[in-house]
Amino acid sequence: QIALGSLLLVASMFINTLGATSHATWLWNQRPKGIDEHPERLWDWRQPQFLAGYLPYPPPPKIPILESRIDFSSPESEDFLWHGWYRGRDGEVWAESNAAIVFRLPSTQSAVLNLSVVAYLVPGKIDAQRVNVTLNEHRLGELMLNEIGSKVYSIQLPAQFLKPNNTLSLQMPEAKAPLAIGAGEDPRLRSFNLQWIETGN
């Protein structure tokens, strides 16, 4: 009994210390999916909150096929968003500093991915958002989002990097939280608002 009690005491101290000091346990509420929109994550013991800083993101449960334009105001768009995304008060989809999109294509021939985005820019504080783009762990290049309002950007998807299931990883080093720069009350990082995606040749 003493040994078991001591073991439980140590485990309790470990869990509560992580909860109080680790930023990763707070980010667990938003990654890979927001806990408010996906409360089923509370019961997923493959990804307990107190181990958020030590475990990789779980694989997406479903890889949807990208055949037509996907509007991210629609419910079916959720399957394309793996991690690093959240919805704002008005339902818009925001990317944090690291985000990923998953998708399948009708074929593995070279394609172009078009994205309509609104960069998070704050005059005098954030003049541009850099986006480093990687497809299935192969770096494709960089986008520079420096225009106010909605703009369409194109990403070349080379055939040699495409797979049956694809992951497009995006890193945004200039992402900032509105609260941190005095531009709002939201404490979450944001880099750009994703409006829609579609593919072409």
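Take the conditions modelled with pLDDT under 95, open to solvent by 20 Å² or more (accessible area, probe 1.4 Å) and in contact with a strand residue (DSSP E or B) (Cβ under 7 Å, 6 or more places away or on another chain) and apply them to Ala183. Does it pass?
Numbers: modelled with pLDDT under 95: yes; open to solvent by 20 Å² or more (accessible area, probe 1.4 Å): yes; in contact with a strand residue (DSSP E or B) (Cβ under 7 Å, 6 or more places away or on another chain): yes.
Answer is yes for this residue.
For Asn146, are the conditions met, namely being closer than 17 Å to Ile197 by Cα and open to solvent by 70 Å² or more (accessible area, probe 1.4 Å)? Please lay out each step first, then the result.
Details: closer than 17 Å to Ile197 by Cα: no; open to solvent by 70 Å² or more (accessible area, probe 1.4 Å): yes.
So Asn146 fails the test.
Being crowded, with 18+ Cβ neighbours inside 10 Å and among the β-branched types (Val, Ile, Thr) is the filter here, so list the residues in region 80-117 that pass it.
Val93, Ile101, Val102, Val117
The values are calculated or read from the model by the stated rules, or taken from the named source; none is laboratory data. Model, not experiment: these values are computed from the prediction. Note that each Cβ is placed from the backbone with ideal geometry, even for glycine, and that neighbours are counted across all protein chains shown. Side chains are part of the model used for accessible areas, which takes the heavy atoms of the whole protein and leaves out ligands, DNA and RNA. Shrake-Rupley method; radii C 1.70, N 1.55, O 1.52, S 1.80 Å.
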